[in-house]
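Peer 1: Pasting a structure here, questions to come.
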Amino acid sequence: MSAPIALIDCNNYYVSCERAFDSSLVGVPVIVLSNNDGCAIARSAEAKALGIKMGDPIHHLRDVVRRHGIRVLSSNYTLYGDMQRRVIAACEPFARDFEIYSIDETFLDLAGFEGRDLVDHARAMREQVRLWTTIPTCVGIAETKTLAKLANAAAKKDARFEGVADLRDDAVRREVMDAFAVGDVWGVGGATARKLTDLGVHTAGALRDMPMKQARAVGTVVLERLVAELRGVPSDAVESVAPRRKGMAVTRSFGTPVCDFDRMMGALSQYALRAGEKLRMHGLVAGRLTAFFHTNRNRPDRPQYGGSRTVTLHPMSSDSFELIAAARRAAERAWRDGYAYTKAGILLDDLVPEAERPRTLFEADTAKRDRLMGALDAINAKFGTWTAVTATQGFKREWKLRSEMRSPAWTTKIADVPMVRA
DNA sequence: TCTGGGGTCCTAGGACCC
DNA sequence: TCTGGGGTCCTAGGACCC
């Protein structure tokens, strides 16, 4: 029998982070918007009750926002990232090992804790997180990650669990799985869900009982592994060491569409500069760079074009100026006049640690360049990303993203630290 | 007028090689 | 008219996740 796995998941995470520092947000409907203030990506329970869905564009919500006095916030990733560290710190004593899965979800390896009542154990952990951060959580316990995800969803949905569901009990597991829609299973998206329901597979329980061969035919090895996990056979362990990152991206939608090449290069230069900064932060170099841009895909009535080109970087590099030059080469080849572009980005591939970078025969002395990059990073770290920029970016940044309702950096910026008067 | 950003994994198919 | 078989590597695109 494999060691139990738990998944702790923060409820309405971004909203809960905002509420930790602004009590006027408690008990009222709140939504947090995506970058560019585009759509709702986090909703409080009250906002969900009003029918607001994940990903709803804000301009479709104007009426309901006004009618119900919904509080609307831009996203504040600095705050959410810092709060995540505190959540993990609170969980530390409760597990042997952790795998941080996303900003609000962490898998815990409970090997060595089997002797205890794991439901009580999880309750104590939730309480610790609540005390340290005010953030409410739910915990799912099971023998595989997929079942732990399912347990967590059950704990969120069904009040009888009081925030902690343990699916290691056969009867409980069966009952939950037979009531669980197949499309809500972790790893089953819209396309696969349609195929499965056409075959008469409507619940997690039915998916678990599907023959492995059939699962593979419907959804390749991915679905086959998923069925195994639903049967309690782990195909994926809790891995505390993050695997080496394969790619990296800096992409943005524009506040105002971009129609001319120079302005596009302004945006792409900025993204390439930021991409270089991210590479250096992780001690990596990239072997390939892709630049892309496209028109508004939500407006098929307008002329559509998407261009993308990939260029090889040799030598491999994390030098922002080389990335900008590569971005220009790629963009020139992909460019077409006469379109209103609404999004662009830089993708980096073939990432390798700086120390393992293959050396080439004709390499310029990079010491000077390294110092320049170091200075650039230091300035932008101190005064905010995109304080020091390159001349190629231009100074008219009409395309820059919107973020008009962002909360203060309560925990990471001295000027924003909340003041308490007693 | 206004619809996010950043990832992972897998497969099919083309180019190329012997 | 008939035109191999088996590899590798790379890329584009689909599907999925938060």
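The values are calculated or read from the model by the stated rules, or taken from the named source; none is laboratory data. Because the structure is a prediction, the values reported are computed rather than measured. When we count neighbours, we look across all protein chains shown, and the Cβ atoms used for this are built from the backbone with ideal geometry, even at glycine. The protein model used for the area step is the full one, side chains on, heavy atoms only, and it has no ligands, DNA or RNA in it. Shrake-Rupley method; radii C 1.70, N 1.55, O 1.52, S 1.80 Å.
Peer 1: Please state the shape class of segment A:247-393: rounded when a/c is under 1.5, otherwise prolate if a/b exceeds b/c and oblate if not, all from the C-alpha gyration tensor.
Peer 2: Values: a/c = 2.28, a/b = 1.67, b/c = 1.36.
Prolate.
Peer 1: Across 10 Å bins from 0, what is the distribution of all Cα-Cα pair distances for segment A:1-168, in whole percents?
Peer 2: Bins of 10 Å from zero give 10, 37, 32, 16, 4, 0 percent of pairs.
Peer 1: How big is the equivalent ellipsoid of segment A:98-235 along its three axes, where each semi-axis is √(5λ) from the Cα gyration tensor, reported in whole Å from largest to smallest?
Peer 2: Values: eigenvalues 160, 43, 41 Å².
So the equivalent ellipsoid measures 28, 15, 14 Å along its semi-axes.
Peer 1: What is the Cα coordinate range of chain A on the first, second and third principal axes, sorted by size from largest, in whole angstrom?
Peer 2: 65, 61, 49
Peer 1: If I take every Cα pair under 8 Å that is 6 or more residues apart in segment A:247-393, average their sequence separation and divide by the length, what percent do I get for the relative contact order? Mind showing how you got there, number by number?
Peer 2: Working: 257 pairs, mean separation 54.2, N = 147.
Here the relative contact order equals 37 percent.
Peer 1: Tally Lys and Arg at +1 and Asp and Glu at -1 over the other residues with C-beta under 15 Å from the C-beta of A:Phe161: what net charge comes out?
Peer 2: Computed value for this residue: 0.
Peer 1: Going by accessible area, probe 1.4 Å, with all protein chains left in place, what is the ranking of A:Asp22, A:Asp350, largest first?
Peer 2: On the way: A:Asp22 45, A:Asp350 80 Å².
From most exposed to least exposed: A:Asp350, A:Asp22.
Peer 1: Under the classification rounded if a/c is under 1.5, otherwise prolate if a/b is larger than b/c and oblate if not, where does segment A:99-163 fall, given a ≥ b ≥ c as square roots of the Cα gyration tensor eigenvalues?
Peer 2: Because its axes are fairly even, with a/c under 1.5, segment A:99-163 counts as rounded.
Peer 1: So, one more: Considering only A:Ser253, A:Ile346, A:Ala367, whose Cα is most displaced toward the positive end of the charge dipole of segment A:247-393, charges sitting on Cβ of Lys, Arg (+1) and Asp, Glu (-1)?
Peer 2: The residue sitting most towards the positive pole is A:Ser253.
Peer 1: Excluding A:Pro408 itself, calculate the net charge of residues whose Cβ lies under 12 Å from the Cβ of A:Pro408, where each Lys or Arg counts +1 and each Asp or Glu counts -1. If you can, show how the numbers build up before the last one.
Peer 2: On the way: positive: A:Arg406, A:Lys413; negative: A:Glu18, A:Asp22, A:Asp416.
Every neighbour counted, the sum reads -1.
Peer 1: How much net charge surrounds A:Met54 when only other residues with a Cβ under 11 Å from its Cβ are counted (Lys, Arg +1; Asp, Glu -1)?
Peer 2: Numbers: positive: A:Arg43, A:Lys48, A:Lys53; negative: A:Asp56.
For residues surrounding A:Met54, the net value is +2.
Peer 1: Can I ask one more? Given a Förster distance of 35 Å, report the FRET efficiency between A:Lys195 and A:Ala249 from their Cβ-Cβ distance, rounded to the nearest 0.05. Before the final figure, lay out each step's value.
Peer 2: Values: r = 30 Å, r/R0 = 0.84.
Step by step, r from the Cβ atoms, then E = 0.75.
Peer 1: For A:Lys278, A:Lys145, give the ranking by accessible area with the largest first, probe 1.4 Å. Don't jump to the answer; show the numbers that get you there.
Peer 2: Working: A:Lys278 40, A:Lys145 5 Å².
Largest accessible area first, the list is A:Lys278, A:Lys145.
Peer 1: Could you go through segment A:407-420 in sequence order and give the Karplus-derived ³J(HN,Hα) for each residue, using 6.51 cos²θ - 1.76 cosθ + 1.60 with θ = phi - 60°, rounded to whole Hz, and x for Gly and Pro?
Peer 2: The phi angles translate into 6, x, 7, 3, 10, 10, 10, 4, 5, 9, 4, x, 9, 10 Hz.
Peer 1: If amide H atoms are built 1.01 Å from N in the plane of the peptide, which residues on other chains or at least 5 residues away come under 5 Å of the amide H of A:Leu33?
Peer 2: Close amide H contacts, sequence-distant or interchain: A:Ile41, A:Leu73, A:Ser74, A:Ser75.
Peer 1: Counting only the heavy atoms of the protein chains, how much of A:Lys53 is accessible to a 1.4 Å probe, in Å² to the nearest 10?
Peer 2: 120 Å²
Peer 1: Students sometimes get this wrong: rank A:Trp410, A:Trp132 by accessible area, probe 1.4 Å, all chains present, largest first.
Peer 2: Details: A:Trp410 45, A:Trp132 145 Å².
Listed by decreasing accessible area, they come as A:Trp132, A:Trp410.
Peer 1: With θ set to phi - 60° and the Karplus curve 6.51 cos²θ - 1.76 cosθ + 1.60, what are the ³J(HN,Hα) couplings of segment A:189-205 in order, to the nearest whole Hz, using x for Gly and Pro?
Peer 2: x, x, 5, 5, 4, 4, 4, 5, 5, 4, 8, x, 9, 10, 10, 4, x
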